[in-house]
Amino acid sequence: MRRRRKKRITAFLIIFLLAAAGGAMVLCRPMLFGGFQKQSGEHIKNTALFKVNIEKLGYVPEKNEEPVRAEETLKFESEETEVYENDMPKVMERDTVKSIAAKRVSSTEICIMWNGIPDDGDVEGGQYVIMRRGSSANVRSEKWEEIGTVEAFRKNADSGEESAYEYTFTDSLDSPDPAQYRYRIDVRTNDNVWYTGTEESMASNVLICIDPGHYKGASEASGENMYGYEEGIFTVRVGLALKGKLAEHGIDSYLTRETDNITIAGYTNAALDRGHISLRGEYAVGSNLFLSIHTNANNDNANGCDTWQQPLAINKTLVIVNQTAGQSEQMLTVANEIGKAVTAANFRLGLSPADQFERACRDSVRPWTDEYNDSLNVKGTVCCRLGTDGDYYGVLRGAADAGVPGMIVEHGYHTVEEVRRQAMTENLAMEWARADAEGITKGLGFE
Ligand SMILES: [Zn+2]
């Protein structure tokens, strides 16, 4: 079926008045505008419309004679109006595709996938037009731009069968710098009608390696009122929740483990973490960031309190960066934003007495010490901890060896009873995941 010839359109009748030499020549011709959504991009240019219509009426303007718009050009009219062939595309909004999804392929490629709406005659023989809009600070644009086209399917001539047709298009980016985009699929029919898609998908070229710290049974937890807390179990909950939150912002991620146990290169649990722990960090090779999820602890009987009954005042957020992250302003911004967001969440949840986090820049990253870690009523901040062989922590050293900025996020102290209680009986895993995701997106300048 071809598209129906008549369309009911609430149309504005536009009368163009042209000033001709020695007098005014009036050209009357209904032009369709009303009922259309915004004319996005460059699809309709008024000057082009003028020319088309002048030519149709056999009026060829003399050189330098520009058509002009008269004062009163708009009249309202509602009627069945013919859509003329060969006009410029008419822009309308409607569902053009089903299930649009965009996904990172590499640091310079994003794949856009969608399903056609097979029973729609408008699309047959037409084109899908892939539209993109930058949504991160470094590429932000208000305008949608056309980045490519894909021919729409033709019905199987023999069987006449129609099914859900799957299409893909790969957007090749100019730069591997972290950037976030929105995608939309428009349709240009062979009847010259342009449909603006209603569905959007967000994607970026960023990949994050999430490392839920430890493994089941590795927690040092002991004592009363533990609520069954184990760091090695809780961190994987945070990590999985974080993966979901990042996906909402078009950020791709993967985990070093998604279950209670971890195996990398044939080493499992204790065999990995005692002797080969840097493999966790090396697992991040090719990604933009290695993020290790932890909860903190203090020295035995710090602050004159039982090890496991520390006061809320110890509960600051520490983000420990490796040297690769410490040398990158952008990654320090991410570290600062994560620390800020987790601190704000802890304060809101009654897990910390103050909503204060000290931002760090390249020359003010605080060296980590036991005294600082155990101290009460001090702000959380971005730290570094160096050993004799580069970064002290094996996971951060591994990430650095893989050329990846790495961070350990000590969200809060599980040696504070209220932290353990909220972790095990409330939704603290999701709260922290949300804060981590907020920090990452803000730090990257993403929506
Ligand atoms: Zn830990």
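Please verify whether segment 398-415 includes one or more residues that are outside any loop (DSSP other than H, G, I, E, B), assigned by TED's automatic domain parsing to the domain that holds Ser292 and among the hydroxyl-bearing types (Ser, Thr, Tyr). Within segment 398-415 (the criterion being outside any loop (DSSP other than H, G, I, E, B), assigned by TED's automatic domain parsing to the domain that holds Ser292 and among the hydroxyl-bearing types (Ser, Thr, Tyr)), the answer is yes, since at least one residue qualifies.
State whether the residues of segment 384-404 include one that is without any contact (Cβ under 8 Å) to a residue 40 or more places away in the chain, over 28 Å from Gly445 (Cα atoms) and touching a Leu at 6+ places or on another chain (Cβ under 7 Å). Quick ask: steps written out before the conclusion?
Step one: filter segment 384-404 for residues without any contact (Cβ under 8 Å) to a residue 40 or more places away in the chain, giving 387-389, 392.
Imposing the further condition that a residue be over 28 Å from Gly445 (Cα atoms) reduces the set to 387-389, 392.
Subsequent filtering for residues that are touching a Leu at 6+ places or on another chain (Cβ under 7 Å) retains 392.
Looking for residues that are without any contact (Cβ under 8 Å) to a residue 40 or more places away in the chain, over 28 Å from Gly445 (Cα atoms) and touching a Leu at 6+ places or on another chain (Cβ under 7 Å), one finds at least one in segment 384-404, hence yes.
Scanning segment 266-306 for residues that are over 16 Å from Asp211 (Cβ atoms) and among the hydrophobic types (A, V, I, L, M, F, W, C) yields Ala270, Ala271, Ala297, Ala302, Cys305. The set of residues in segment 220-259 being among the β-branched types (Val, Ile, Thr) and either within 14 Å of the ligand (Cβ to nearest atom) or closer than 21 Å to Val342 by Cβ (or both) consists of Ile233, Thr235, Val236, Val238, Ile251, Thr256. Being modelled with pLDDT of 95 or more, assigned by TED's automatic domain parsing to the domain that holds Ala152, touching a helix residue (DSSP H, G or I) at 6+ places or on another chain (Cβ under 6 Å) and surrounded by 20 or more Cβ atoms within 10 Å (Cβ to Cβ) is a property that Pro212 lacks.
You will find that of Gly217, Gly266, Gly228, the residue that is farther than 20 Å from Ile112 by Cα and touching a Gly at 6+ places or on another chain (Cβ under 9 Å) is Gly217 and no other.
Which of the residues belonging to segment 427-447 are in contact (Cβ under 8 Å) with a residue 12 or more places away in the chain and either over 28 Å from Ser328 (Cα atoms) or among the hydrophobic types (A, V, I, L, M, F, W, C) (or both)?
Filtering segment 427-447 down to residues in contact (Cβ under 8 Å) with a residue 12 or more places away in the chain leaves 428-447.
Correct list: Leu428, Ala429, Met430, Trp432, Ala433, Ala435, Ala437, Ile440, Leu444, Phe446.
Condition first: assigned to a strand (DSSP E or B), touching a Gly at 6+ places or on another chain (Cβ under 6 Å) and small (Gly, Ala, Ser). Can you find one or more residues in segment 385-397 that meet it? No - not one qualifying residue is present in segment 385-397.
Tally the residues that are within 16 Å of the ligand (Cβ to nearest atom), within 16 Å of Leu349 (Cα to Cα) and not β-branched (Val, Ile, Thr), restricting the search to segment 302-315. Final tally of qualifying residues: 1.
Tell me, which helices (runs of 4 or more DSSP H) wholly within segment 316-384 include 2 or more residues that are modelled with pLDDT of 95 or more and among the aliphatic types (A, V, I, L, M)?
It comes to 329-348.
Of the residues making up segment 377-386, one or more are more than 16 Å from the ligand (Cβ to nearest atom) and either over 20 Å from Ala297 (Cβ atoms) or among the basic types (Lys, Arg) (or both).
Got at least one residue in segment 354-363 being within 16 Å of the ligand (Cβ to nearest atom) and in contact with a helix residue (DSSP H, G or I) (Cβ under 9 Å, 6 or more places away or on another chain)? The answer is no; no qualifying residue exists.
Return yes or no: is Ile262 more than 16 Å from the ligand (Cβ to nearest atom), of a type in the set (A, V, I, L, M, F, W, C), surrounded by 24 or more Cβ atoms within 10 Å (Cβ to Cβ) and more than 28 Å from Tyr372 (Cβ to Cβ)? Against the criterion (more than 16 Å from the ligand (Cβ to nearest atom), of a type in the set (A, V, I, L, M, F, W, C), surrounded by 24 or more Cβ atoms within 10 Å (Cβ to Cβ) and more than 28 Å from Tyr372 (Cβ to Cβ)), Ile262 does not qualify.
Take the residues of segment 141-151 that are without any contact (Cβ under 8 Å) to a residue 40 or more places away in the chain and not polar (S, T, N, Q): which is surrounded by the fewest Cβ atoms within 10 Å (Cβ to Cβ)? Ranking the qualifying residues of segment 141-151, first place goes to Glu142. Among all positions in segment 279-301, there is no residue which is within 16 Å of the ligand (Cβ to nearest atom), more than 27 Å from Val378 (Cα to Cα) and surrounded by fewer than 16 Cβ atoms within 10 Å (Cβ to Cβ).
If you check Glu329, Glu371, which single one turns out to be assigned by TED's automatic domain parsing to the domain that holds Gly281 and more than 30 Å from the chain's Cα centre (by Cα)? I'd like the intermediate steps shown before the answer.
Working: Glu329 fails: more than 30 Å from the chain's Cα centre (by Cα).
Result: Glu371 is the single residue among Glu329, Glu371 that is assigned by TED's automatic domain parsing to the domain that holds Gly281 and more than 30 Å from the chain's Cα centre (by Cα).
Of the numbered criteria (1) more than 17 Å from Ala102 (Cα to Cα); (2) out of contact with any strand residue (DSSP E or B) (no Cβ under 7 Å at 6 or more places or on another chain); (3) not assigned by TED's automatic domain parsing to the domain that holds Arg257, the one Met226 fails is (3).
The values are calculated or read from the model by the stated rules, or taken from the named source; none is laboratory data. The shown structure was predicted, so the numbers you read here are calculated from the model rather than taken from an experiment. Because the Cβ atoms are built from the backbone with ideal geometry, glycine has one as well, and the counts that use them run over all protein chains shown.
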